[in-house]
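*Asks:* Have a look at the structure that comes next, please.
What follows is calculated from the coordinates using simple rules that are stated; it is not laboratory data. None of the values given here were measured: they were computed from a predicted structure. Glycine gets a Cβ as well: all are built from the backbone with ideal geometry, and neighbour counts include every protein chain shown.
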Amino acid sequence: MSVSGIGDQGSGIGDFDRATEAAEWLRGHGCGGADVAVVLGSGLGDFADHLGDSFTIQYSDLPHWPAARVIGHAGKLVGGTLRGKQVLALSGRVHAYEGHDMKTVTFAMRAIGRLGVPRVILTNAAGGISPNCSRGALMVIDDHINLMGDNPLVGPNDDRFGLRFPDMSLVYSPRLRAIADEVANEQGAPIQHGVYVAVLGPSYETPAEIRAFRTLGADAVGMSTAPEAIVARHMGMEVLGISCITNAAAGVFPEPLHHEEVMETARQVKGQFIALLEGIIGRL
Ligand code: HPA
């Protein structure tokens with residue numbers, strides 16, 4: 001059971017109306033017509049400083065919007081321009097491990113979808129499982145395995161969002177993945193590709209779990225992204241996922257895992273990460 005949902009979930013208004021109200025609020029504050037939304041993972045929020053003509057909206061000012069509370073997640077939406085594109089940067093996300101239900105975790109995606117934003121770039125910090133996903137690598141998500149034990153589409157389906165049984169054979173857009181490759185090649189900054197396994201957290205995994213995930217075909221592990229990707233696809237948005245491999249997953253090396261290492265690696269990689277994002281957005 002969740003300890004908190006969206007604050008007014010008992011008020012009788014449904015997810016669709018809540019998302020629409022938030023979208024209308026955003027439209028009235030200059031966010032209509034965005035080409036792309038970028039969800040910034042742990043320690044990756046600095047990307048928002050690179051937007052031109054930018055404006056900031058605190059999540060707390062947005063109707064129905066849940067607050068981001070994890071260290072490294074600012075809790076603000078920054079709008080602006082980059083390489084001729086209109087960008088909405090979501091600096092901070094809410095996670096299921098905070099006790100939020102999946103509808104709350106994916107509310108921002110619903111609102112962005114209702115705003116009519118055609119595509120989203122989901123970024124995260126992740127632990128590297130496969131040898132090519134070593135600390136500091138950037139990994140384009142080719143596919144995910146949802147082991148969170150929940151799915152944001154559970155419950156009555158609102159057909160205005162999308163189908164009851166949406167196809168998930170191509171969650172992560174081949175077109176956007178190819179653009180990421182082109183940009184990385186041009187920049188001479190190699191990127192990896194792989195499968196992201198999403199877990200609930202907040203404890204890091206045991207070495208036995210990581211061995212199991214490796215056997216399942218996972219290359220990186222994290223505590224976000226899959227629910228947002230599912231909801232974005234449910235609404236027909238194009239999705240790109242990029243993991244910043246901030247640490248070797250549990251048991252790969254004998255050292256214990258710390259959130260500080262995650263933040264430190266994200267800080268070290270952010271230059272390459274921001275350049276990659278800028279290049280991708282320039283080509284959309
Ligand atoms: N496991 C789960 N989530 C993570 C990790 C990890 O090793 N690193 C960053 N997010």
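*Asks:* Using a Förster distance of 41 angstrom, determine the FRET efficiency expected from the C-beta separation of SER60 and GLN187, and round it to 0.05.
*Replies:* Working from the Cβ atoms, E equals 0.65.
*Asks:* Can you show me the helix-derived [θ] at 222 nm for the chain, built from DSSP H runs with n ≥ 4 at -39,500 (n - 2.57) apiece and divided by the number of residues, rounded to the nearest 500.
*Replies:* My calculation for the chain gives -9000 deg cm²/dmol from helical runs alone.
*Asks:* Going by average Cβ density within 10 Å per residue, which order do the peptides 104-115, 159-170 take, highest to lowest?
*Replies:* So the order, starting with the most tightly packed, is 104-115, 159-170.
*Asks:* So, one more: Report the full-extension gain for the segment HIS29 to LEU163: residue separation times 0.36 nm, less the Cα-Cα distance, to one decimal in nm.
*Replies:* Between HIS29 and LEU163, full extension yields 45.2 nm more.
*Asks:* Return the whole-Å distance between the Cα centroid of segment 141-160 and the Cα centroid of segment 30-90.
*Replies:* If we compute the Cα centre of each part, the gap is 24 Å.
*Asks:* Rounded to two decimals, what is the ratio between the C-alpha radius of gyration of segment 63-188 and 2.2 N^0.38 Å?
*Replies:* Its radius of gyration relative to the 2.2 N^0.38 Å reference: 1.18.
*Asks:* I've got another one for you. How far is it, in nm, from the label point at ASP49 to the one at ASN132 when both lie 7 Å from their Cα along the line to the Cβ?
*Replies:* Rounded to a tenth, the inter-label distance reads 3.3 nm.
*Asks:* From the mean inverse distance of alpha carbon pairs (Kirkwood) and the Cα radius of gyration, derive Rg over Rh for the chain.
*Replies:* Computed over Cα atoms, the ratio is 0.94.
*Asks:* Using the per-residue mean of other Cβ atoms lying within 10 Å as a proxy for protection, in what order, highest first, do the peptides 29-38, 226-235 fall?
*Replies:* With the highest mean Cβ count within 10 Å placed first, the list reads 226-235, 29-38.
*Asks:* Please order SER91, SER224 by the number of other Cβ within 10 Å, starting at the fewest.
*Replies:* Going from sparsest to densest Cβ surroundings: SER91, SER224.
*Asks:* Which of rounded, prolate or oblate describes segment 70-142 when judged by the alpha-carbon gyration tensor and an a/c cut-off of 1.5?
*Replies:* It is oblate, given that a/c is not under 1.5 and a/b is not larger than b/c.
*Asks:* Next question. Under 26 Å Cα-Cα from LYS103, which lysines qualify once same-chain neighbours fewer than 8 residues away are excluded?
*Replies:* Straight-distance partners of LYS103: LYS76.
*Asks:* Under a point spin-label approximation (7 Å from Cα along Cα-to-Cβ), what is the THR215-ILE13 distance to one decimal in nm?
*Replies:* Distance between the two pseudo-spin positions: 4.9 nm.
*Asks:* Enumerate the whole-percent occupancy of each 5 Å bin, from 0 to the last occupied one, for all C-alpha pair distances of segment 163-284.
*Replies:* Going out from 0 Å in 5 Å bins, segment 163-284 shows 2, 10, 17, 19, 20, 16, 11, 4, 1, 0 percent.
*Asks:* Can you tell me what share of the DSSP beta bridges in the chain is antiparallel? A percent to the nearest 5 is fine.
*Replies:* Within the chain, antiparallel bridges account for around 35 percent of the total.
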